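Novice: Quick one: the structure is below, and I'll ask about it shortly.
Computed from the coordinates by the stated procedures, all read-outs in this text should not be read as laboratory data. These figures come from a predicted structure and were not determined experimentally. All Cβ positions, glycine included, derive from the backbone under ideal geometry; neighbour counts span all protein chains shown.
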Amino acid sequence: MQQKKSTVLKKLIAKSTKQKTSAKEEKLLHTFFKKMYNQSVWDTNKMGNATFIKDDIRSKIVLKETKSTKTNIYKYAAIAVTILTLGGILLSTYKTNQPSFVTVNTGAAIDSVFLADGSTIYLAPGSSFSYPNTFTNTTREVNLIKGNAFFNITKNPNKPFIINSGELVTKVLGTSFHIGLQKKESKVSVVTGKVQVNYKNNQQQLVSGQEAVATNNSLRKQKSSVLMTSNWYTKDLNLTEVSLKETLDLLEIKYNVKSAIKNEDVLALKITLFIKQNATLNEIVEQLNYITNLKLLYENEIITLKTN
């Protein structure tokens, strides 16, 4: 029965492309195509970011307004899907040619990923990142699922680089920047080049020294910290006359910990510090206590200040 229905549908499609269907047959096809169109699901991992794909298509075609435009959208979009589905062979070939995705989950140490296009991604502890083993589409798309990452992207004007992080989407051609995902807010901070950030219905264009902060339903632009965006992943760190707040922010990313210090005067203290590659967080806290005469404590992945 199913095979008979498929045969009938193929014949109707063939007649429709030659404009030989009756009004009744055309209505039947339209109803079927519209149902398939409405039930279709966009797979971001395999098909790319829907917003940027749509914009790319619009920039390359000119739409002609006719009375049957809406019908044709359903009709021809669904015809393509139907032919793939019924043909079987084309669909199988498509799936075979799709790149496989690799997911990296970091533990307590910083890790790095080298992509097929020559780009390098540095992942902070407690981060999750997925990427294809090759870039075959018109865009280079990856996913930062959680945590912090520094991106050093190889320039390719013909193939934009897109990072999907839930509703936060970052698009670049070739640049270096940091993305930090937190529960209450997320940041995209640019070191070199230009970056476009989309969040819900908001968009910001960033250049070197700027960052976009996404929180609730807003996306605001502000000045960024070079220390935060470009130093945390390096092997050895030289901090010169930076605030304790910046230092703690850096340690939060580098060691995947939290700071519970709220005293503004304490956070404003200036720090000059050298951090060796293999230094433990306890060793760094001891250094900070020696430099500042404070009583910082590190317990249960939280840095606190002892006041008595």
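Novice: In the structure shown, do any of Lys20/Lys159; Lys27/Lys200; Lys184/Lys254 have a Cα-Cα gap over 31 Å, and if so which? It would help to have the intermediate numbers written out before the result.
Specialist: Details: Lys20/Lys159 42 Å; Lys27/Lys200 37 Å; Lys184/Lys254 19 Å.
Lys20/Lys159; Lys27/Lys200, as the Cα separations exceed 31 Å there.
Novice: Please report the projected area of the range 155-288's Cα convex hull averaged over all directions, in nm². Present the calculation step by step, with values, prior to reporting the outcome.
Specialist: Working: hull surface 35.9 nm².
Mean orientational projected area (the range 155-288, Cα hull): 9.0 nm².
Novice: Now for a separate question. Determine, for Lys295, Lys146, the number of other Cβ atoms within 10 Å of each Cβ, and report the residues in order from fewest to most. Each step should come with its number before you reach the end.
Specialist: Details: Lys295 12, Lys146 15.
With the fewest neighbours first, Lys295, Lys146 line up as Lys295, Lys146.
Novice: Take the Cα radius of gyration of the range 225-265 and divide it by 2.2 N^0.38 Å, with N its residue count; two decimals is plenty.
Specialist: Values: Rg = 10.3 Å, N = 41, 2.2 N^0.38 = 9.0 Å.
Normalised Cα radius of gyration, the range 225-265: 1.15.
Novice: Kirkwood Rh, Cα Rg: Rg to Rh for the range 101-226?
Specialist: 0.93
Novice: On to the next question. Percent of alpha carbon pairs in the range 234-305 separated by more than 21 Å?
Specialist: Working: 347 of 2556 pairs.
Of all Cα-Cα distances in the range 234-305, 14 percent exceed 21 Å.
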